[in-house]
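Working notes, structure below.
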There are 2 protein chains.
Amino acid sequence: MNIKIPTLIIDRKKVYRNIRNMQSKLLETNTILRPHFKTHQLIEIGHIFKQQGINMITVSSVSMAMKFANNGWNNITIAFPVNILEIEEINNLAGSITLNLLVESVESLTFLTKELKNFVGIFVKIDSGYNRTGLISEDPQIDAIVNQVSKNSLLKFEGFLTHAGHTYNAKGQGEILNILQNSNDMLTHLKQKYVTDFPDIKISYGDTPSCSLANNFDGFDEIRPGNFVYYDVMQYHIGSCSLEEIAVSVACPVVAKHNSRNEIVVYGGAVHLTKENIEADNNFKLYGYIVNYTEDGWTEPIPGAFVYSLSQEHGLIKLPDKYMNNINIGDVVGILPIHSCLCANLLNDDYKIIN
Amino acid sequence: MNIKIPTLIIDRKKVYRNIRNMQSKLLETNTILRPHFKTHQLIEIGHIFKQQGINMITVSSVSMAMKFANNGWNNITIAFPVNILEIEEINNLAGSITLNLLVESVESLTFLTKELKNFVGIFVKIDSGYNRTGLISEDPQIDAIVNQVSKNSLLKFEGFLTHAGHTYNAKGQGEILNILQNSNDMLTHLKQKYVTDFPDIKISYGDTPSCSLANNFDGFDEIRPGNFVYYDVMQYHIGSCSLEEIAVSVACPVVAKHNSRNEIVVYGGAVHLTKENIEADNNFKLYGYIVNYTEDGWTEPIPGAFVYSLSQEHGLIKLPDKYMNNINIGDVVGILPIHSCLCANLLNDDYKIIN
């Protein structure tokens with residue numbers, strides 16, 4: 001594969017299939033897929049989405065919106081509480097594309113009404129139980145925000161948006177589908193309250209675990225999963241994907257062997273894979289599974305092989321005997337990452353698309 | 001400070017002082033400071049070191065060596081087991097600067113003896129107890145490596161190098177100084193064994209906790225701490241520095257307030273600060289302390305304020321009542337990072353040097 005340094009290997013066929021699988025759930029429904037591009041952040045992967053008919057996307061920062069707007073994407077939701085310090089960039093973006101912003105306070109909205117120079121759509125961010133951002137559905141600020149939005153000719157009330165990030169901590173499919181249903185109930189209730197006055201408003205829902213595990217999205221006007229395009233070991237542990245569906249691995253050169261402790265050291269550390277890990281009760285931390293590269297991709301994970309520690313540039317890998325004996329310094333091994341979004345962010349300049 | 005997005009703020013005065021404090025320990029000794037540049041990776045910070053008389057540096061990758069070599073640094077040790085897949089880049093570097101490589105196996109060395117086209121220095125990497133990389137001091141490969149190096153006119157045996165990374169897990173100054181002493185004993189023993197045949201060989205020792213806490217470096221020919229230039233919350237917890245010595249903070253815009261749970265949300269997440277954290281027994285994870293910016297820097301940490309969770313772009317901060325009441329959306333707060341090396345690596349394009 002001609003790898004010299006830690007490199008994100010992206011399997012195009014798996015990417016296509018992951019996108020098509022998500023789209024297939026929405027056939028014959030009115031629910032739109034507005035994928036979150038924070039996972040890959042790559043123009044080429046955006047192109048694959050476009051080939052599959054995707055026109056509207058989600059991003060998590062103004063700079064990411066600018067990157068994709070400059071590449072022809074003209075309908076973007078920035079799914080992050082609006083950062084009013086970037087008003088100049090927001091005005092520029094809003095002057096050239098259809099831009100939706102998230103508001104969760106009268107304070108932010110008041111600033112926007114004063115400083116906006118171009119038209120934007122406004123989603124009210126609702127906290128459906130993750131307790132990270134958003135207003136609870138009974139918050140009186142919702143009424144005040146909707147009211148203020150409706151009075152400003154540069155603003156359009158687009159509806160209610162939530163990210164059910166607590167699915168990442170849920171135990172099993174049942175609990176995840178419960179979260180989806182509760183979010184659906186909460187946002188549907190809000191929509192019903194306002195839909196007479198604002199007939200076009202939407203409910204926008206996101207997160208890869210529930211969008212992967214659910215098959216019924218009735219009531220949602222759009223879904224915004226992002227991670228599903230690549231998946232990762234964390235999603236596998238949640239149950240959102242099979243190991244075979246993970247579409248990225250990190251190719252790492254072997255730089256040292258320690259036979260006495262069944263370990264190899266690879267060039268591939270926290271600055272390539274992130275410190276994200278999966279913890280087990282026995283004080284064990286998992287930083288990735290190990291695969292071997294083949295002519296057209298990679299094998300399934302080697303049983304009993306795993307990354308158990310990361311320094312800035314070093315990855316420490318435990319290997320069973322029979323693999324220790326066959327591995328040499330200068331070989332390249334693959335690591336299935338724990339969290340593909342953070343890993344891809346680090347390897348944004350060092351990637352290779354295969355297949 | 002005109003901050004719009006998460007930005008690493010580097011206090012030049014503190015950087016100078018941290019460098020001078022480390023240098024002052026080596027006055028009237030023969031021990032040389034060869035600082036590790038993986039922490040900052042910045043040309044401007046390199047310039048400060050140069051002004052303080054530093055000529056020889058350490059890096060952790062070939063690409064980092066190339067960056068600093070292109071900026072006039074001509075004596076560089078790559079303190080990472082040599083990645084033989086980058087032999088072409090190594091040959092180019094070795095053709096233009098004084099380059100030292102780390103070897104810990106006959107396998108890597110045999111490759112180098114065949115493929116090297118220019119002169120390099122070779123340090124044998126010794127494992128002084130961290131169990132990450134290196135040979136144990138009794139390993140017969142050491143003899144084989146030294147022997148093979150001495151027979152090749154493009155190679156010079158430079159001595160023994162160790163990184164005592166286990167100081168990061170040590171409990172208190174006594175244990176850390178013990179590690180330093182044990183490493184010193186181990187490497188001195190090795191040096192004595194070979195110094196008659198190779199009178200110029202050196203002992204090279206690194207890691208910020210022990211270099212910060214020790215005052216006696218007798219026996220070490222050079223030390224290679226890196227983190228000390230910035231320090232961070234982890235070093236403060238180890239006892240290597242005071243909070244006041246931490247020379248970097250991450251300026252983050254406030255994007256949401258949740259008064260009911262004493263929380264603010266900032267634009268500043270895992271892609272800016274990394275997922276590195278300090279864990280407490282009660283299942284609590286600390287991702288950073290909070291400071292306020294002043295005219296010429298930042299305050300000491302706000303008591304009872306801390307980052308307790310990070311998503312990709314979001315930072316979740318707990319604040320005491322009196323600070324909640326005074327903070328507004330669009331304000332900028334500072335976060336003292338847990339691990340400045342990983343944080344600076346992420347903000348390599350988004351930094352500002354003050355003072």
>> What does the charge count around B:S137 come to, taking other residues whose C-beta lies under 14 Å from its C-beta (Lys +1, Arg +1, Asp -1, Glu -1)?
In response: -3
> How large is ³J(HN,Hα), in whole Hz, for each residue of the stretch B:258-273 in order, when computed from phi with the Karplus curve 6.51 cos²θ - 1.76 cosθ + 1.60 and θ = phi - 60°, using x for Gly and Pro?
Replying inline: 10, 4, 5, 10, 6, 10, 10, 10, 10, 7, x, x, 5, 7, 10, 10
> Is there a pair in B:K114/B:K193; A:K285/B:K191; A:K352/B:K13; B:K156/B:K275; A:K257/B:K352 whose C-alpha atoms are over 30 Å apart, and which pairs would that be?
Replying inline: A:K285/B:K191; A:K352/B:K13; B:K156/B:K275; A:K257/B:K352
> Roughly how big is the B-A contact, given as buried accessible area in Å² (both sides, 1.4 Å probe, nearest 100)?
Replying inline: 4500 Å²
>> Please give the charge dipole size of chain A, origin at the Cα centre, charges +1 on K and R Cβ atoms and -1 on D and E Cβ atoms. Round to the nearest 20 debye.
In response: 520 debye
> How long are the three semi-axes of the equivalent ellipsoid for the stretch A:145-231, computed from the Cα gyration tensor as the root of 5 times each eigenvalue, in whole Å, largest first?
Replying inline: 28, 14, 10
> Top to bottom by accessible area (1.4 Å), largest first, where do B:D349, B:D143, A:D350 land?
Replying inline: B:D349, B:D143, A:D350
>> Can you give me the long-range amide H partners of A:S311? Hydrogens built in the peptide plane at 1.01 Å from N, cutoff under 5 Å, separation of 5 or more residues or another chain.
In response: A:A270, A:L316
> With N residues in the stretch A:16-164, what two-decimal value do you get for its Cα radius of gyration over 2.2 N^0.38 Å?
Replying inline: 1.07
> Which residue is it, in chain A, whose C-beta lies closest to the A-to-B rotation axis, and what is that distance in whole Å?
Replying inline: A:K275, 2
> Scaled to the compact-protein estimate 2.2 N^0.38 Å, what is the alpha-carbon radius of gyration of the protein assembly as shown, rounded to two decimal places?
Replying inline: 1.00
> Quick one: what does P(r) look like for chain A with 20 Å bins over all Cα pairs, in whole %?
Replying inline: 29, 52, 18, 1
>> If I ignore ligands, DNA and RNA and count only protein heavy atoms, how much of B:F68 is accessible to a 1.4 Å probe, in Å² to the nearest 10?
In response: 0 Å²
> If all Cα-Cα distances of the stretch B:304-355 are sorted into 10 Å bins from 0 onward, what percent lands in each bin, rounded to whole numbers?
Replying inline: 17, 49, 29, 4
> Tally Lys/Arg at +1 and Asp/Glu at -1 over every other residue whose Cβ is under 14 Å from the Cβ of B:K156; what's the total?
Replying inline: -1
> Ranked from the most accessible area to the least, with a 1.4 Å probe and all protein chains present, what is the order of A:V120, A:V195?
Replying inline: A:V195, A:V120
> Say a label goes 7 Å from Cα toward Cβ at A:N282 in every copy; what distances in nm does this one have to the rest, shortest first?
Replying inline: 2.9
>> Among A:N182, B:I32, A:L213, whose Cα projects farthest towards the positive end of the dipole of the protein assembly as shown, with charges put on the beta-carbon of Lys, Arg (+1) and Asp, Glu (-1)?
In response: B:I32
>> What number comes out for accessible area per residue over chain B if the probe is 1.4 Å? Units Å², please.
In response: 38 Å²
> Taking a 1.4 Å probe, which of A:E89, B:E138 shows the most accessible area, and what order do the others take after it?
Replying inline: B:E138, A:E89
> How big is D for the stretch B:264-355, in µm² s⁻¹ as a whole number, if Stokes-Einstein is applied with the Kirkwood radius of its Cα pairs at 37 °C and 0.692 mPa s?
Replying inline: 238 µm²/s
> Cβ under 13 Å from A:A305's Cβ, A:A305 left aside: what net charge do those residues give with Lys, Arg +1 and Asp, Glu -1?
Replying inline: -1
>> Apply the Karplus curve 6.51 cos²θ - 1.76 cosθ + 1.60, θ = phi - 60°, to the phi angles in the stretch B:185-197 and return the couplings in whole Hz, x for Gly and Pro.
In response: 4, 4, 6, 5, 4, 5, 4, 4, 5, 10, 5, 5, 6
>> Given 37 °C and 0.692 mPa s, compute D for the stretch B:1-95 with the Stokes-Einstein relation, Rh being the Kirkwood radius over Cα pairs; round to the nearest whole µm²/s.
In response: 220 µm²/s
> Using the eigenvalues of the Cα gyration tensor, what equivalent ellipsoid semi-axes result for the stretch A:195-325 when each is taken as the square root of five times the eigenvalue, whole Å, largest first?
Replying inline: 39, 15, 13
>> Heavy atoms of the protein only, probe of 1.4 Å, neighbouring chains included. What is the accessible area of A:H47 in Å², nearest 10?
In response: 110 Å²
> Exactly which trypsin sites (Lys or Arg not before Pro) in the stretch B:137-216 are in a DSSP loop and have at most 15 other Cβ atoms within 10 Å?
Replying inline: B:K151, B:K171
>> Let me spell out the model: positive unit charges on the Cβ of Lys and Arg, negative unit charges on the Cβ of Asp and Glu, origin at the Cα centre of the stretch A:81-140. What dipole size does that give, in debye rounded to 20?
In response: 140 debye
>> Show me, for the stretch B:222-231, the HN-Hα J-couplings you get by feeding each phi into the Karplus relation (A = 6.51, B = -1.76, C = 1.60, θ = phi - 60°), rounded to Hz, glycine and proline as x.
In response: 8, 10, 10, x, x, 4, 4, 5, 10, 6
>> What is the ratio of the Cα radius of gyration of the stretch B:82-131 to 2.2 N^0.38 Å, with N the residue count, to two decimals?
In response: 1.18
>> How big is the dipole moment of the protein assembly as shown about its Cα centre under a simple scheme where the beta carbon of each Lys and Arg is +1, that of each Asp and Glu is -1, and everything else is neutral? Debye, nearest 20, please.
In response: 720 debye
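The values are calculated or read from the model by the stated rules, or taken from the named source; none is laboratory data. Worth saying up front: this structure is predicted, and the values here are computed from it rather than measured. Glycine also receives a Cβ, built like all others from the backbone with ideal geometry; neighbour counts cover every protein chain displayed. To get the accessible areas, we keep the full protein, side chains included, count just its heavy atoms, and leave off ligands, DNA and RNA. Shrake-Rupley method; radii C 1.70, N 1.55, O 1.52, S 1.80 Å.
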